[in-house]
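Trainee: Handing you this structure, nothing more for now.
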Amino acid sequence: MAGVTIEELGLNFVKVCMENYWSGCILPVFFLLGILWNIFCHKKKEAWVFLFYTVFLALTVYNPFLVKYVVPKANFENEYYRFIWILPVIPGVAYYAVRLVGLIRAKWAKVLLAVILGGVIVATGTPIPGIAKDFAVAENIYKVPDELRSICDVIHKDSKNEQPRIVFGDDMNMVARQYDPSLILVLNRNYRLYRAGSTVVGNYEKKKDYQIQKVIMDVVSYQMTDTDMKKFKSSLKKTKTEYLVVQLEQNCHDYLREAGCVPVAQTEKYVVYRYEG
């Protein structure tokens, strides 16, 4: 988690990660109240799973003493926040809300309580704009841009390899293999994040393969067309790059053609190049 380190926070690391992750959302409080309600007031055997699960997590991945010494050795400090996902807060809150409604006999009262509880959950949760900006409905069942599907079809028809090596722009690099796992992405995810200024993925400045990929990123992602041509072509060869997918609006197209990249297709927003150097 960005800006949160065990070295700085020590035993408070887990607490701060929890606070940052939930960011003021009080659904975890409802979840814990539901567990206490089940223990002391309205016991149900099937609900004990939430208690046992929570206790197990508290003793293991949420244990600040264990985390302080184990997580750094496992080099999992930046990814630790993913453990918070496994706490069943949402299904737990939904379960206890249904149980509350089930205690009411009158149908009208059940409906009223269900509406009230639903409103409370919505009001105290985190709205979509707080999670994702520029939210838009998916274009297809694969949850990827339609143009990506067209680009993949073009590349597979043009390439002789079953697993072509491709350089995608920043906007498609994260979702390309979500649609087509046969693709091999030339640019390392962490290298891209580091080149973009991320301080939580490590320091790769002295790594040789990062420096090779950085030359490609400089041209394709940052439009640095004053990059040494021989160095760029050498990076493409060393990474065994076969195709480059570049946004049509970018200004590196002349540079790519000069470097030996041949356009094989064009969509509404992208140009697909085959490297023939």
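The values are calculated or read from the model by the stated rules, or taken from the named source; none is laboratory data. Predicted, not measured: the structure shown is a model, and the values here were computed from it. Side chains are part of the model used for accessible areas, which takes the heavy atoms of the whole protein and leaves out ligands, DNA and RNA. Shrake-Rupley method; radii C 1.70, N 1.55, O 1.52, S 1.80 Å.
Trainee: Between region 205-277 and region 1-49, how many Å separate their Cα centres?
Mentor: Cα centroid of region 205-277 versus Cα centroid of region 1-49: 46 Å apart.
Trainee: Suppose we keep just the DSSP beta bridges with both residues in the chain; what percent of those would be antiparallel, to 5?
Mentor: 65 percent
Trainee: Could you put GLU249, GLU258 in order of accessible surface area, largest first, with the 1.4 Å probe and the full protein assembly present?
Mentor: The residues order as GLU249, GLU258, largest area first.
Trainee: Using just the C-alpha positions of the chain as equal point scatterers, what log10 of I(q)/I(0) does the Debye formula give at each q in 0.14, 0.15 1/Å?
Mentor: Summing over Cα pairs of the chain leads to -1.06, -1.12.
Trainee: Multiply the residue gap between LEU9 and LEU33 by 0.36 nm, knock off their C-alpha separation, and tell me the result in nm, one decimal place.
Mentor: 5.8 nm
Trainee: If you don't mind, another one. With helices defined as uninterrupted DSSP H runs, which ones in the chain have an alpha carbon span along their own long axis of at least 15 Å and mean Kyte-Doolittle hydropathy of at least 1.0?
Mentor: The qualifying helices are 27-40, 48-59, 89-102, 107-124.
Trainee: From the gyration tensor of the Cα coordinates in region 66-213, what semi-axes in whole Å does the equivalent ellipsoid have, largest first, with each one equal to sqrt(5λ)?
Mentor: Over the Cα atoms of region 66-213, the semi-axes work out to 43, 25, 14 Å.
Trainee: A follow-up question, please. Not counting ligands, DNA or RNA, and with a 1.4 Å probe, what is HIS156's accessible surface area in Å² rounded to the nearest 10?
Mentor: Accessible area of HIS156: about 70 Å².
Trainee: Which order do TYR255, TYR69, TYR194 take by accessible area at a 1.4 Å probe, largest first?
Mentor: So, going from the largest accessible area down, we get TYR69, TYR194, TYR255.
Trainee: In what sequence, largest accessible area first, do SER235, SER23 appear using a 1.4 Å probe?
Mentor: Solvent-accessible surface, decreasing: SER23, SER235.
Trainee: Kindly provide the pair-distance distribution of region 208-277 built from C-alpha pairs, with 5 Å bins from 0 and whole-percent values in order of increasing distance.
Mentor: 3, 18, 31, 27, 14, 4, 1, 0
Trainee: If the cut-off is 20 Å between C-alpha atoms, which lysines fall inside it for LYS143, apart from same-chain ones fewer than 8 positions away?
Mentor: LYS133, LYS269
Trainee: TYR270's amide H: which non-local residues (gap 5+, or another chain) put their own amide H closer than 5 Å, with H modeled 1.01 Å from N in plane and none for Pro or chain starts?
Mentor: For TYR270, whose amide H was placed from the backbone, the distant partners under 5 Å are LEU248.
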